[in-house]
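S.K.: The following block contains the structure, expressed as structure tokens.
The values are calculated or read from the model by the stated rules, or taken from the named source; none is laboratory data. The structure presented is a predicted model; accordingly, all values stated were derived computationally and were not measured. Please note: Cβ atoms are built from the backbone with ideal geometry, for glycine as well, and neighbour counts cover all protein chains shown.
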Amino acid sequence: MLTPKPAETVTLSGLEDWRRMLGVLRAHFVCRDFATGLALVNRIGEVAEALNHHPDVDLSSRFVTVSVATHRAKGLTEKDVDFARRVSAAASDLGVPVKAGRLSMLSIAFDTRSEGRIRPFWRAVLAYQDVANGDLIDPRGRAPLVWFQPAEEGRPRRKPDPPGP
């Protein structure tokens, strides 16, 4: 299994424009029009069915964003890398460029001394699921990842802002 590292370039041959972000491989393809984006999505579907490996795909009027990870392995595997290479080849065949600089993902971090007390609250309020690395994720894959960081002992807590004018 590959070790995911957020926002690092995947340095494997043929995947220079894919990024490891929050445990998945992601690519952002800029299409000249909606029909080209739809053609790319159809090619992605063919790759997914051939490999029996299904990504998350977002189609917009001018772009396609693809995210892939092996959920059973709780990380990235060679199957993800093979999938990404095939999708990149399909995009190249269609003349669709990859623009990795347009990728972004949002995560929310809690700096806390009481993770055990606040994690169940946020899991319930957001209707999220626990994952093996301790993060909370949206099971629909749409909302930000939530993670918890131990607060340093002895560090002063933030003082409230003074009242406004």
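S.K.: Within the bounds of the stretch 118-130, is there any residue that is on the phi > 0 side of the Ramachandran plot and at pLDDT 85 or above?
M.R.: Looking for residues that are on the phi > 0 side of the Ramachandran plot and at pLDDT 85 or above, one finds at least one in the stretch 118-130, hence yes.
S.K.: If you don't mind, another one. Take the stretch 18-55 and flag every residue that is charged (D, E, K, R) and surrounded by fewer than 20 Cβ atoms within 10 Å (Cβ to Cβ).
M.R.: Those that are charged (D, E, K, R) and surrounded by fewer than 20 Cβ atoms within 10 Å (Cβ to Cβ): R32, D33, R43, E46, E49.
S.K.: Can I ask one more? Consider R140 against the criteria (1) part of a loop (DSSP other than H, G, I, E, B); (2) in contact (Cβ under 8 Å) with a residue 40 or more places away in the chain: it satisfies all of them except one. Which criterion is unmet?
M.R.: It fails just one condition, (2).
S.K.: State yes or no: is V98 under 18 Å from F29 (Cβ atoms), in contact with a helix residue (DSSP H, G or I) (Cβ under 7 Å, 6 or more places away or on another chain) and surrounded by 15 or more Cβ atoms within 10 Å (Cβ to Cβ)?
M.R.: yes
S.K.: Condition first: part of a helix (DSSP H, G or I) and either of a type in the set (D, E) or free of Cβ contacts under 8 Å to residues at least 24 places away in the same chain (or both). Now tell me which residues in the stretch 116-137 satisfy that.
M.R.: G116, R117, P120, F121, R123, A124, V125, L126, listed by residue number.
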